[in-house]
Amino acid sequence: MRGDAVGAGACGVSVDRNNSDTKLIRLLIADAERFSVIGMQKALEGEEDIEVIGSAADGEETVRITIEAEPDVVIIDAHLPKLSGLKATQRIKRELPHVGVIVMTENDDEQTLFEAIKAGASAYLSKSAEPAELVDTLRKVRAGVFTINEKVFSRPAVASKVLAEFRELSVYGPSSAHVFAPLSPREVQILDNIAQGMTNKEVAYALAISEQTVKNHMSSILRKLSVNDRTQAVVYAIKQGWIKGPEGA
């Protein structure tokens, strides 16, 4: 593990977003229990491709530091104080869709897994996971893999709820409040606007976000849907019933 984790708070957090070592995984750890943070640091010792750039003790702080430092991956406790880890995950994915989030929890229950999927988390792990599993998951998430999907397939009850959400989305469209991986609610909203013929600049203005944020979301959408351009993404989303086609079409 490269670097030393900074204590809770933004002070001293590395914000070098243009690190020349493209294989280096810049990691933020968010957990209210300092013992857990230290334990994860120990588990990552000796991993030369992982650098812990800082830590946070609550959800609000996690979102703030993530936006400031833009780590590659955030490990976040599902039940952080002030703002839950799940809600913090939603905010992070809305603002920085390219940042991977690993949700960790003491109790591996199906409802938390389901909420993590809806929040846009890339992975879901128990805090009792072996160090080797943690390291493997970090590398997969950094590579853009959604290992959380494997959890869904192994839990029939969760898989049924996921399918039910897709059916609801198919019927009610992007106005439905329940949108989950592979696309976040914001990503569906952006695709819906693009389907109406808007440019990135127009989408940014309509949603009160920066044009760069729109571009980041589009990159995430293309990666998740395995398509090459925005037109293919829109066509795919329309076929899936996630968004409506152009008005008047």
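The values are calculated or read from the model by the stated rules, or taken from the named source; none is laboratory data. This one's a predicted model, so the numbers in the text were calculated from it and none came from an experiment. Cβ placement follows ideal geometry from the backbone for every residue including glycine, while neighbour counts extend to all protein chains displayed.
Here are the numbers for the structure shown:
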read-out: Failed criterion for Gly54 (all others in (1) within 27 Å of Gln189 (Cα to Cα); (2) surrounded by 20 or more Cβ atoms within 10 Å (Cβ to Cβ) hold); value: (1)
read-out: Single match in Phe180, Phe114, Phe166 (criterion: touching a Lys or Arg at 6+ places or on another chain (Cβ under 6 Å), modelled with pLDDT under 65 and either under 22 Å from Ile221 (Cβ atoms) or in the same structural domain as Phe35 (by TED's automatic domain parsing) (or both)); value: Phe180
read-out: Checklist (1) under 19 Å from Pro185 (Cα atoms); (2) part of a helix (DSSP H, G or I) applied to Val101, failing item; value: (2)
read-out: Selection count, the range 181-227, where residues are in contact (Cβ under 8 Å) with a residue 40 or more places away in the chain and among the small types (Gly, Ala, Ser); value: 6
read-out: When residues of the range 226-249 are limited to those that are out of contact with any Ser or Thr (no Cβ under 9 Å at 6 or more places or on another chain) and closer than 15 Å to Arg186 by Cβ, the one modelled with the highest pLDDT; value: Ala233
read-out: Meets criteria (β-branched (Val, Ile, Thr), crowded, with 16+ Cβ neighbours inside 10 Å and farther than 18 Å from Val52 by Cβ) for Ile65; value: no
read-out: Those residues of the range 209-230 which are surrounded by fewer than 16 Cβ atoms within 10 Å (Cβ to Cβ) and within 12 Å of Arg94 (Cβ to Cβ), in sequence order; value: none
read-out: Checking Glu51 against (1) in a strand (DSSP E or B); (2) in contact with a His (Cβ under 7 Å, 6 or more places away or on another chain), the condition it does not meet; value: (2)
read-out: Scan of the range 121-141 for residues that are assigned to a loop (DSSP other than H, G, I, E, B) and of a type in the set (D, E, K, R), ordered by number; value: Lys127, Glu130
read-out: Every residue from the range 60-80 that is without any contact (Cβ under 8 Å) to a residue 60 or more places away in the chain and over 20 Å from Ser126 (Cβ atoms); value: Glu60, Glu61, Val63, Arg64, Ile65, Thr66, Ile67, Glu68, Ala69, Glu70, Pro71
